[in-house]
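Written out below as structure tokens is the structure these notes cover.
The values are calculated or read from the model by the stated rules, or taken from the named source; none is laboratory data. As the structure is a prediction and not an experimental result, all values here were calculated from the model. Glycine also receives a Cβ, built like all others from the backbone with ideal geometry; neighbour counts cover every protein chain displayed.
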Amino acid sequence: MQRIGVFVCHCGSNIAATVDVKKVVEMARMEPGVVFADDYQYMCSEAGQAKIGAAIKEHNLTGIVVCSCSPRMHETTFRSCAKRYGLNPYMVEIANIREHCSWIHKDMQEATEKAVILARAAIAKVNLNAPLQAGESRVTKRALVIGGGIAGIQTALDIADAGYEVDIVEKTPSIGGRMSQLDKTFPTLDCSACILTPKMVDAAGHEKIKIYTYSEVEKVSGFVGDFTVDIRKKARSVDATKCTGCGVCQEKCPSKKTPSEFNRGLGNRSAIYTPFAQAIPNVPVIDREACIKFKTGKCGVCEKVCQAGAIDYAQQDEIITEKYGAIVVATGFDTIKLDKYDEYAYNQSKDVITSLELERVMNAAGPTKGHLERLSDGKAPKEIVFIQCVGSRCADARGKGYCSKICCMYTAKHAMLIRDKYPDVNVTVFYIDVRTPGKNFDEFYRRAVEEYGVNYIKGQVGKVAPQPDGSLLVQAADLLDNRQIKMKADMVVLATAIEPDPSVRGIATMLTASIDTNNFLTEAHPKLRPVESPTAGVFLSGVCQGPKDIPETVAQAGAAAVKVIGLLAKDKLTTNPCTAKPDELLCNGCGNCAKVCPYGAITYEVRQINDHGIREERRLATVNNALCQGCGACTVTCPSGAMDLQGFSNRQLIAEVDAICR
Amino acid sequence: MSVNEEFRPKIVAFCCNWCSYAGADLAGSSRLAYPADVKIIRVPCSCRVNPMFILRAFEKGADGVILCGCHPGDCHYSTGNYYTRRRMTMLFSMLDFIGVENGRTRVEWVSAAEGVKFSTTMNDFVAKIRSLGKNVRLGDLRCKD
Amino acid sequence: MKFSYYPGCTLRNKAKDLDAYARASAKALGFELEELSDWQCCGGVYPLGTDEIASKLSSVRALAQADEKGQSLVTLCSACHHVLKRVNDDMANVEDIRTRANNYMKLDKPYTGQTKVLHFLEVLRDEIGFDTLKEKVVNPLTGRKIGAYYGCLLLRPGKVMAFDDPENPQIIEDFIQALGAEPVVYPYRNECCGGYISLKEPDMAKNMCKTIEESAKGFGAEALITACPLCRYNLNKTQSDLPVYYFTELLAEALGVKEEALK
Amino acid sequence: MQGLKARALELLNDGTVSRVLGWKIGENTYDPEPAFFETAEAMEQFVYNNFCAANLSKYMIEASKLEGKTLVCLKPCDSYSFNQLLAEHRIDREKAYIIGVGCKGKLSIEKVKQSGLKGILSVTDTDPLKVETLYGDAEVAYKDAMLDRCHVCKGKEHVVYDELYGESEDTSDADRFEQVRAIEAMSPEEKFAFFQAELSKCIRCNACRNVCPACSCRKCVFDSNKFDSAQKANVDSFEEKMFHIIRAFHVAGRCTDCGECSRVCPQGIPLHLFNRKFIKDINALYGEYQAGADVDAKGPLTSFTTEDAEPGVVSQGGIV
Amino acid sequence: MSEKKNQAKMVQEISGANPYKCMKCGKCSATCPSYDEMDIKPHQFVSYVQRGDIEALAQSKSLWKCLSCFACVERCPRDVEPGRIIDAARQIVVRQRGGNYLKAEEIPPLVDEDLPQQLLVSAYRRYKR
């Protein structure tokens, strides 16, 4: 028989205001096995833990139940507390009477009754708990960073500087990401390339960093400390070891009509290309769908002009299999598709563009060589309208429910840059709210208004109507002036909502990392563990976790790196002891459990056993504890009940069911 | 129907640790109320739930059992909920076959981010069970009166 | 191919030609419009109030009648189409309206929104296909520059009407193209003509129609086509030199059945 | 029959097999029993007639542990059970010498009785059956005396064997799922009344479990303490009520639909209905599946597709 | 006060719209073709409902200027459906005795030869009980 102690937490008033904790204590005392019960203001505090410790000693407790917040919050806390006072940490169960009770119920009697039942279920379970010993697993001292934008680069640099090997996998031909497409950055207006390219060079030259560009993660298996990853290195059709990056092939390539991804389709590129001049590696790839040689078999110009003999049409995709201890996701973002926002005439007029497209227009290496001009007729615009929140803060199915966070600031930047360079151009910004929390952010926005004369109007735009004369009629509301505005513009720029890069879905599935309804990766805790995924060993860097600007991204990238370094610094990890365990006297050796095991943790061996005096050779299931992650799929497949899950055994769960239904 | 208004059903909710239990936590921290009739049992994965647990609950007097797991494709253990889906489809179909009201059992996929879905699901499920009234059938399958 | 057909009251009266051209064209295209035996006026506008049931019943009757025959229900007039589609959506998705309407109606078989409501244009696009239509054109309208005027009722709310992209529709342009003419795209084709406001405030409607017509003319339109008698009425009131036709008139013309239609 | 017996004896005598697993003559034609024969002398009792309905495959679990090979007589439908046991490593193919015996549908004395005959003294296994009763002689058509399961015969082919003996016939002349469909069409109240009436007859004799080739656990979950709460009495109401549902679930996707459960039930509970309901659902949702047809096939409940139906399908009009 | 609340609640019920979803972006007003004719502007409708001032809405010209063209409904990023709110206010008025905006005797002079039936029935339904 267990000797159980029950500890009911007030959590200040979080629990105590809705649950009669004294009543819970009183009721718990009547449960079988309970020899001690008490309540306290904050069980998780030092004093609360000391109280638990004292009770363990004084009452020789063999198991404890803490009625408190979610086990996802403090299970670890109370387990280490138990351990400190000499109790096996797996003899602790939590009754979640906060998130699942006090916070969602108003009626005290009802909430108290429920808390008593939840406590009863936990007590019933702990009555059947058995001490468990955590095993150990090794840590591969190498990290994988998925995504080679500023987030991925920064994370990789920080990990590498701490002395660990890092691989970056980037799906495009060059690292650099979205930041490389930007012209200037807020709130300092320094040139994006000037601050990014040195980091790209550092990463490329770092002895601990290996960069796989034009590559994608194809398969992930294993678990924290010991992931095995297949990386598909797509055929570049150019031998990187021979290419000198002279660029002649791109110049001579006769197929030049492919929309440039880097320039957001505003300009064209050749079939053999590097996305931009400062690309790293400076090795072009052949786009096989655009290449004449690949389409028709004729051409081969690049091969002829390449002095280094680097062109290799026969190159094949290569699969690289590598082991990693930690994985960082830094897959970044894209702007949403605007095909459902035709009231803004994005698909009807070339002069309606997104802000990211404007970055390319403003950039000296962009499609207009940095001249601000209309993409329809090349004329210099005199009147430019910016529309905020296009697809952000939308409750309807067309857009996103969240604020994209960066648009207010980059619009102020664009407005300022235009007014600075072209003082005769009028700039009007239609906004709903101007959101500028951040160091020097509001000052920046105010400068746009006060020093640069940017015209900010509070009110959303209803329609952009292209006019026969080529101008755009913008129909908007001025809410502060209570009037409807109809103004002609030469260009309209849409602050388009951002969303996680679509590739993140597949990656999240491979990593079994959870994502939210907007496809942002979920953090382990929104406040306290913001750079970790709930999946152990998977970390989050940059916009894949939520909208953020460059400084925040860099900060988070560093934070993710620290978490990775902390993990890689360990030689061994303790493993989850809640693994499957077969009862050899009941096992039929039928083989069904192995069929449903996602980790290949179950094998069969023929063993001599003694079944109540009968000695015989039997085929029996064996579980590899290092591989088993404790899902329990096998336990249900097993008809005889031979396979059970430690910590969540059949009897424990049935005891909980019984306690609840009693 | 005044009986049903008084009726407080016993409802067992099995929630997987990684998605649905976290979704329930989020419902809690977002103060999204649902009836106290629902009591949650934490399991590592929805695939840990043995049909025997569900039958046991009914036999012990539960009026409804709901099983929540990660969305298919998002299982923390990659494939667990796919097995759950087949097993529960079979079990529910059998219960329906023997005449147990099919509204008493349900599977819902609730992610860690879906606090709202967790709460609305539970509200909806409780309303359904209340409308079905007390479960007597699984309790007296062999006891013909 | 046979469809149930709901002409609506305007088509029985002021817009007889809209109807006649459509019937002749349908015949030429090989499908049949079978008029419901006993239909009542849809009321012209969809009753927006969630508590309005009685005003929706005439639509429900028509929908249920088509259901009994197992046919899709085709309409021509934008207003009737709007009302029928939205009432149908209510019957399929709004439990309260469904229950109450069925309680009133006492049909043999409860009606739950199963009838497919199609606009004549949708029949051309989805059932016949514009490619087939193109093949059947005997009298292509080559060289004519025609602007589509959609108005509000066919498109909005997009979620319920699901007719075409409410901000950048394509269907009438494709239709014009199939007839051999050149579609003129202009931004005001989905803005309101003023609708029923023209009864008491004709000037308001006139202003709106002027904007529409000027925009269309600016982009080179020589004529407008519409599916709505009220839109046509309002547009005609500006007395501009831009003719406004029912889309079925051009259809009949292109199919070579215009004369015969009016017999 | 004489040929089969001679062949078995031959194999026993030349040492190919150490024993024969077949049927032993009973008191009457209609009650032969499964038996092992280890000697030529014992083989005198060997019989194979049209009343030899028992599925012998499950006996091979024990036989697999014995020295030497066992000759086992399997009818076409039994061979599916054998294969399923093989797939689950419960028996050793090397320990079996399979004679696939011919079957033209097996007879049931219960069916003869159901035809209204009382005081049966003897019966033949011929077509028609000649029945001698206290009240005179009678005849029963062969089809009418056939087991229910033979009316939904799996076919005349053996899926596994070493040699074949005798002719088989596909005797199916009924819709396998007709009864299931009839129940599906009932209202919940009718369904419940039906099953409550049937299950209330159960005396928990375990005959169904003992005969079932899929119920091959060394120790049944109902006999172990693996699922009990701490304060449980030895036999609690839980297993009483849920036994058949859980048993059906445990064999779902593994049951070959051999029909032995219903054949041996002394209370005449149509237990095969549970299994067939699962089989019907599996076929409808996950594709046609016959347990035991292919040793390497993935079982429907140990595999999945990402596009599987949601459990909600049950309340949304059911599985059709 | 409670009468005010009741009316506001009625508007919410009849319209089925939730004014609290509004983020005051003004897209409805930006979009409305009758904007210039309205005294209370579309984006203000929700504020009136939120603070329960249905009386002012009922008195407003806007009630009779809305075309039910659903442009505001279509473009509203928050699914507030201002067009339904204004219709609900209109319903409250016309359902009261004497609330008809269109009197039978007004009609004959308004009718011209081409006027489609559709126009009359539509105006009837929006303006009269």
Any idea which of A:Ser349, A:Ser376 is in contact (Cβ under 8 Å) with a residue 12 or more places away in the chain, over 30 Å from A:Met510 (Cα atoms), surrounded by 22 or more Cβ atoms within 10 Å (Cβ to Cβ) and polar (S, T, N, Q)? A:Ser349
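Residue-by-condition table, conditions (1) more than 14 Å from chain B (Cβ to nearest Cβ); (2) more than 36 Å from the chain's Cα centre (by Cα):
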| site | (1), (2) |
| --- | --- |
| A:Asn610 | yes, yes |
| A:Ile614 | yes, yes |
| A:Glu617 | yes, yes |
| A:Val623 | yes, no |
| A:Val636 | no, no |
| A:Pro639 | no, yes |
| A:Phe648 | no, no |
| A:Gln652 | no, no |
| A:Ala655 | no, yes |
Do we find a residue being buried (at least 22 other Cβ atoms within 10 Å of the Cβ), in a helix (DSSP H, G or I) and outside the structural domain of A:Ile280 (by TED's automatic domain parsing) anywhere in region A:170-177? no
Flag if C:Leu230 is surrounded by 24 or more Cβ atoms within 10 Å (Cβ to Cβ), touching a Gly at 6+ places or on another chain (Cβ under 7 Å) and either in contact (Cβ under 8 Å) with a residue 24 or more places away in the chain or not in a loop (DSSP other than H, G, I, E, B) (or both): yes
Looking at (1) under 24 Å from E:Ser15 (Cβ atoms); (2) in contact with a Phe, Trp or Tyr (Cβ under 9 Å, 6 or more places away or on another chain), can you tell me which one C:Thr75 breaks? (1)
Picked from region D:24-50 (must be touching a Phe, Trp or Tyr at 6+ places or on another chain (Cβ under 9 Å), in a loop (DSSP other than H, G, I, E, B) and of a type in the set (Val, Ile, Thr)), the residue nearest to D:Glu62 (Cα to Cα) is D:Ile25
Expected single match for more than 35 Å from the chain's Cα centre (by Cα) and either among the aromatic types (Phe, Trp, Tyr) or in the same structural domain as A:Ile485 (by TED's automatic domain parsing) (or both) among A:Ile406, A:Ile384 is A:Ile384
Looking at region A:441-450, is at least one residue within 14 Å of another protein chain (Cβ to nearest Cβ) and surrounded by fewer than 22 Cβ atoms within 10 Å (Cβ to Cβ)? no
Quick check on E:Gly98: is it within 13 Å of chain A (Cβ to nearest Cβ), over 28 Å from C:Ile97 (Cβ atoms), more than 15 Å from the chain's Cα centre (by Cα) and free of Cβ contacts under 8 Å to residues at least 60 places away in the same chain? no
Expected single match for modelled with pLDDT of 95 or more, outside the structural domain of A:Ile327 (by TED's automatic domain parsing) and in contact with a Gly (Cβ under 7 Å, 6 or more places away or on another chain) among A:Ala489, A:Ala476 is A:Ala476
Search result, residues across region D:270-313 that are crowded, with 17+ Cβ neighbours inside 10 Å and touching a strand residue (DSSP E or B) at 6+ places or on another chain (Cβ under 8 Å): D:Pro311
In the set A:Ala151, A:Ala156, A:Ala160, A:Ala193, which member is hydrophobic (A, V, I, L, M, F, W, C), farther than 30 Å from A:Cys408 by Cα and outside the structural domain of A:Ser260 (by TED's automatic domain parsing)? A:Ala160
Find the residue count for region D:1-23, including only residues that are assigned to a strand (DSSP E or B) and either within 23 Å of D:Leu107 (Cβ to Cβ) or not assigned by TED's automatic domain parsing to the domain that holds D:Leu74 (or both). 4
Check A:Arg98 against each of (1) of a type in the set (Lys, Arg); (2) buried (at least 24 other Cβ atoms within 10 Å of the Cβ); (3) touching a helix residue (DSSP H, G or I) at 6+ places or on another chain (Cβ under 6 Å) and name the one condition it does not meet. (3)
Checked region A:110-124 for anything facing chain B (nearest Cβ under 9 Å) and either touching a Lys or Arg at 6+ places or on another chain (Cβ under 6 Å) or within 15 Å of A:Val657 (Cα to Cα) (or both); matches are A:Lys114, A:Ile117, A:Leu118, A:Ala121
Just for helices (runs of 4 or more DSSP H) wholly inside region B:1-100: which have at least 3 residues that are more than 14 Å from the chain's Cα centre (by Cα), closer than 26 Å to A:Ala655 by Cβ and within 14 Å of chain D (Cβ to nearest Cβ)? B:80-97
Yes or no: D:Arg204 in contact (Cβ under 8 Å) with a residue 12 or more places away in the chain, on the phi > 0 side of the Ramachandran plot and basic (Lys, Arg)? yes
Select from region A:508-552 the residues that are over 10 Å from the mean Cα position of the chain (by Cα) and assigned to a helix (DSSP H, G or I) and list them in ascending order. A:Thr509, A:Met510, A:Leu511, A:Ile550, A:Pro551, A:Glu552
Under 9 Å by Cβ, and 6 or more places apart or on different chains, what pairs join a residue from region D:77-91 that is over 27 Å from D:Leu147 (Cα atoms) with one that is of a type in the set (Val, Ile, Thr) and not in a helix (DSSP H, G or I)? D:Ala87/D:Val295
Can you name the helices (runs of 4 or more DSSP H) wholly within region C:94-166 that have at least 2 residues being closer than 30 Å to A:Tyr344 by Cβ? C:158-161
